[in-house]
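**Q** Below: one structure in structure tokens.
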Amino acid sequence: MLKYFVALLSMVLAVWTVPEWLTFPIYGNILNALDSWLQQPLSDVSSSPGRILTEDELSLYNGAQGSKGLYLAILGQVFDVEKGRKHYGPGGGYHFFTGRDASRAFITGDFTEAGLSSDVSDFSDSQIVALYDWLAFYQKDYTPVGKLIGRFYTETGQPTDALRQVEAFLSEGLKRKAQAQSEMQLYPACNSEWSEASGGRVWCSTMSGGIHRDWVGVPRMLFSPGSVHSRCVCIRPSDPVHSENRNLREYKDCPPHAESCRITKG
Ligand code: HEM
């Protein structure tokens, strides 16, 4: 029973917690990542060609007795993870990542033999962005060794079509993420509360929606285009960008400049 509970807890944490905190500085820098990626795509091998390894060669670097060292690959890029031996060495919690490219498992958290695969062809663009965060983590913290011949690099170390596809998804995903982030800055969510006795209330503060800012704003309903559904966002009424937005509506019986509005039905 405890085993199942721990497994369940791990899965929940894996999805919600770890990649976030483990790579927080990288996530925080998504726009810089986009910038640097645009300047040097993943497949740009010219700057650091390094060694070109076959899968058999890489498999010798799994830290087992008599093995040559500790390497792992992600998106076909090989890193020496010796300095993280406590994680990657035999007996370590992430030993299964060594001696192979298990890119898929960095995102799925499926560490079974079948899950430890480099196949990411069915990933969404946001999963590719999350995978790129892991790649950036290894580029920052570990020594690059070279490229792995296979799914992502040819025998001469050139990027394959599969890698080009990943790059296209990455580019799309980063653009979407940057767009979502700037939208969140423009339309931070309101605080809200509801109680049986006094009904609902929405209000703005300098931290509502998790966006720290030096303005409070006033609550408005923001409708998704063509939909009857809305969410409460905080806007600066003086910002001319909002006068054009036909999807914004004031709350009923709430003065236009009030920072807090009671929600009335209808
Ligand atoms: C998708 C799921 C997960 C993946 C792919 C993953 C991957 C990793 C990797 C690769 C490392 C080593 C980082 C390094 O080289 O320094 C690591 C470290 C660690 N992970 Fe995970 N992890 C996952 C889920 C979890 C969960 C669910 C927990 C806890 C409940 C956890 C706790 C830790 C801890 C405590 C460390 C050590 C941090 C340190 O000492 O620096 N991980 N993880």
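The values are calculated or read from the model by the stated rules, or taken from the named source; none is laboratory data. Nothing here was measured: the structure is a model prediction, and the numbers come from that model. Cβ: placed from backbone, ideal geometry, glycine included. Neighbour counts: every protein chain shown. Note: areas computed on protein heavy atoms with side chains; ligands, DNA, RNA excluded. Shrake-Rupley method; radii C 1.70, N 1.55, O 1.52, S 1.80 Å.
**Q** So which of Ala168, Ala197 ends up being out of contact with any helix residue (DSSP H, G or I) (no Cβ under 8 Å at 6 or more places or on another chain), surrounded by fewer than 19 Cβ atoms within 10 Å (Cβ to Cβ) and in a loop (DSSP other than H, G, I, E, B)? Steps first, answer last, please.
**A** Working: Ala168 fails: in a loop (DSSP other than H, G, I, E, B).
Residue meeting the stated conditions: Ala197.
**Q** Here is a further query. Would you mind finding the one in Leu135, Leu72, Leu116, Leu131 that is in a loop (DSSP other than H, G, I, E, B) and within 14 Å of the ligand (Cβ to nearest atom)? Spell out how you get there, then give the answer.
**A** Working: Leu135 fails: in a loop (DSSP other than H, G, I, E, B); Leu72 fails: in a loop (DSSP other than H, G, I, E, B); Leu131 fails: in a loop (DSSP other than H, G, I, E, B).
Exactly one of Leu135, Leu72, Leu116, Leu131 is in a loop (DSSP other than H, G, I, E, B) and within 14 Å of the ligand (Cβ to nearest atom), namely Leu116.
Conditions (1) open to solvent by less than 100 Å² (accessible area, probe 1.4 Å); (2) part of a loop (DSSP other than H, G, I, E, B), marked per residue:
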residue: Ala178; (1), (2): yes, no
residue: Ser192; (1), (2): yes, no
residue: His212; (1), (2): no, yes
residue: Trp215; (1), (2): yes, yes
residue: Cys234; (1), (2): yes, no
residue: Tyr251; (1), (2): yes, yes
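**Q** Out of the residues in the range 93-107 meeting the condition of being free of Cβ contacts under 8 Å to residues at least 24 places away in the same chain and within 9 Å of the ligand (Cβ to nearest atom), tell me which one is farthest from Ile149 (Cα to Cα).
**A** Within the range 93-107, the subset free of Cβ contacts under 8 Å to residues at least 24 places away in the same chain is 93-94, 96, 104-105.
Those still in the list that are within 9 Å of the ligand (Cβ to nearest atom) too: 93-94, 105.
On the way: Gly93: 26, Tyr94: 23, Ala105: 19 Å.
Checked the range 93-107; the qualifying residue farthest from Ile149 (Cα to Cα) is Gly93.
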